[in-house]
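The values are calculated or read from the model by the stated rules, or taken from the named source; none is laboratory data. In this text, all values refer to a predicted model and were calculated from it rather than measured experimentally. Methodologically, a virtual Cβ is constructed for each residue, glycine included, from the backbone with ideal geometry; neighbour enumeration extends over all protein chains shown.
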Amino acid sequence: MRNKLIINSPARLHIGFLDLQSQSSRMFGSIGLTIDNFVYNIKIEKSKNTHIICQNLIAKSKIKEIIKSIKKKYSIGNFTINILNEIPLHMGLGSGTQLALSIGFLISECFELKLSTDRLALILKRGRRSGVGIESFKKGGVNIDVGKIRNSKKIPLNLMNIKWPKAWRILLLMDSNITGVHGEKEVKEFKELNVSDSKMSNLNCKSLVMNIIPGIIECNFREFSFGLRNIQDNMSTIFYGSPRRFASKNLEKIFSDIEKRGILSFGQSSWGPTGFIFFENSKKRNELLNYLENYISLNNMHGLKILKVEGRNFGKKFVNEGDL
């Protein structure tokens, strides 16, 4: 039994779903990439009463529900939860899953409940569609799940975990003018999707198996980018009615511009509004970063930020307070 712990858990990019056909017996299937730079650092400490120290009122409300869900099933003592650093909410970075699993894991460790991550995910109702956030918490890297049988209560079956190539680089584009679809609205949006085109699912699966997976393993950036483009275009068609459409109009303009420059490795994480661009090396990232900073300034794109991030090939970890 440990009296004080601090956990560090990472954000993720949701690159796309494999199968959203309404008649499929096996639903969803998804691809995700764990990233650094955006993390939760959360401390638990035993105390006389249970307290939550969190400046974000939305996150604080979520934490109360997480604790309530665990207390329904397990008898635990009192503790203080302190959010030292957080992943931005509703930006397509998987903050909800990381928050739930981090709090659950801390409570389990602190009170010796010995709960697995998968068990916590079920208790806290994570992984209802995609499992890549759960796997990012567990292992980091690139994760591919094959979804779940329709009406199954299990979390999605993870098929593969691959290391993100060390040389490959990432830019995130974050539009603060928009909030991503989440919560009940997200559930409603998925229920209203009526995708019946098997060609999209077939192309997604082919692009994954023949381009994305071998592209990552062999560090063949061109093949990876080709597969990514197919899946992202299909997601745009399903969610917005046509390829190259995104939640943020600013991102649409930027992506249209860089595509004319021969760059294909761009997309949107989840429902957005965060976009990403992948690069084969640091030099190419830095060249485009300089160009985009000027482009954003010249086009008066207020509220749009560009950030350098990297892939993270490990999941959650315990840290010392002095290392933060």
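Results, tabulated for the structure shown:
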quantity	calculated
Residue in segment 247-255 that is over 24 Å from GLY147 (Cβ atoms), within 20 Å of the chain's Cα centre (by Cα) and either in the same structural domain as ASN294 (by TED's automatic domain parsing) or not β-branched (Val, Ile, Thr) (or both) present	yes
Cross-chain or 6+ apart pairs with Cβ under 9 Å, segment 5-20 first and touching a residue at least 12 places away in the same chain (Cβ under 8 Å) and at positive phi, then outside any strand (DSSP E or B) and aromatic (Phe, Trp, Tyr)	none
Which listed residue is surrounded by fewer than 23 Cβ atoms within 10 Å (Cβ to Cβ), closer than 29 Å to ILE149 by Cβ and modelled with pLDDT of 95 or more, from SER102, SER61, SER116, SER75	SER116
Cross-chain or 6+ apart pairs with Cβ under 8 Å, segment 99-115 first and charged (D, E, K, R), then in a loop (DSSP other than H, G, I, E, B)	GLU109/ARG2; GLU112/MET1
Whichever residue in segment 19-50 is surrounded by fewer than 13 Cβ atoms within 10 Å (Cβ to Cβ) and out of contact with any Lys or Arg (no Cβ under 8 Å at 6 or more places or on another chain) and, among such residues, is modelled with the lowest pLDDT	SER22
Residue in segment 153-160 that is surrounded by 18 or more Cβ atoms within 10 Å (Cβ to Cβ), in contact with a strand residue (DSSP E or B) (Cβ under 7 Å, 6 or more places away or on another chain) and either closer than 25 Å to TYR240 by Cβ or among the aliphatic types (A, V, I, L, M) (or both) present	yes
Filter pass, ILE63 being under 18 Å from the mean Cα position of the chain (by Cα), of a type in the set (A, V, I, L, M) and in the same structural domain as LEU113 (by TED's automatic domain parsing)	no
Those residues of segment 245-259 which are modelled with pLDDT under 95 and surrounded by fewer than 16 Cβ atoms within 10 Å (Cβ to Cβ), in sequence order	LYS249
Boolean, ASN230 is on the phi < 0 side of the Ramachandran plot, part of a helix (DSSP H, G or I) and either touching a Pro at 6+ places or on another chain (Cβ under 8 Å) or surrounded by fewer than 14 Cβ atoms within 10 Å (Cβ to Cβ) (or both)	no
Residue check, ASN85 within 30 Å of GLN268 (Cα to Cα) and either surrounded by fewer than 20 Cβ atoms within 10 Å (Cβ to Cβ) or touching a Pro at 6+ places or on another chain (Cβ under 7 Å) (or both)	yes
Flag if LYS283 is at pLDDT 95 or above and not in a helix (DSSP H, G or I)	no
Yes/no for VAL181 being farther than 30 Å from SER61 by Cα, assigned by TED's automatic domain parsing to the domain that holds ASN300 and modelled with pLDDT under 75	no
Of the criteria (1) at pLDDT below 95; (2) at positive phi, which one GLY94 fails	(1)
